[in-house]
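See structure below.
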Amino acid sequence: MSSRRLRVCDHALLRFVERVGGLDVEALRKSLEGSLNRCCGVAAAIGAAEMVIVADGLKYIVVKNVVVTVLSPEMKAKRQTRRPGKSR
């Protein structure tokens, strides 16, 4: 028997909350997208592909029109460094 400890990935945890806890993930996604779309439209108008939207005390990190993470106020966004010859 292995002594390694089981780990629950983010995807599995989300599915558990959705299916056992009854959380409507898609409704929550649509609500969040609706709240952030205006900011993304303004940023796109000035040519921004990456942005941090601060709303309701949270920081929403957006890259190429995708919210990639949500940070609490005390957290700092880590800039991803690009490797030479690599594109995102």
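Coordinate-derived values only; no laboratory data. Please read all numbers here as calculations on a predicted model, not as lab measurements. Neighbour counts run over all protein chains shown; Cβ positions are idealised from the backbone, glycine included.
Towards the positive end of the charge dipole of the chain, with charges on Cβ (+1 Lys, Arg; -1 Asp, Glu), say which of G21, G34, L71 has the farthest Cα.
L71
For region 1-42, just list the percent of Cα-Cα distances falling in each 10 Å bin from zero outward, please.
24, 31, 25, 14, 6, 1
Kirkwood-based Rg over Rh for region 10-71 (C-alpha set), two decimals?
On the way: Rg = 13.5 Å, Rh = 12.8 Å.
Ratio value, two decimals: 1.05.
Would you mind calculating the gained length between K78 and V66 on full extension (0.36 nm times residue separation, minus the Cα-Cα distance), in nm to one decimal? Don't skip to the end; give the middle numbers.
Numbers: separation 12, 0.36 × 12 = 4.32 nm, distance 1.61 nm.
Contour length minus Cα-Cα distance gives 2.7 nm.
Roughly how big is region 10-71's charge dipole about its Cα centre, with Cβ charges of +1 (Lys, Arg) and -1 (Asp, Glu), in debye to the nearest 20?
80
So if each residue of separation counts as 0.36 nm, and I subtract the Cα-Cα distance between D24 and A45, what length gain in nm does that give?
Values: separation 21, 0.36 × 21 = 7.56 nm, distance 3.20 nm.
4.4 nm is the gain from fully extending D24 to A45.
Any chance you could give the angle, 0 to 90 degrees and rounded to 10, that helix 10-19 forms with the longest Cα principal axis of the chain?
80
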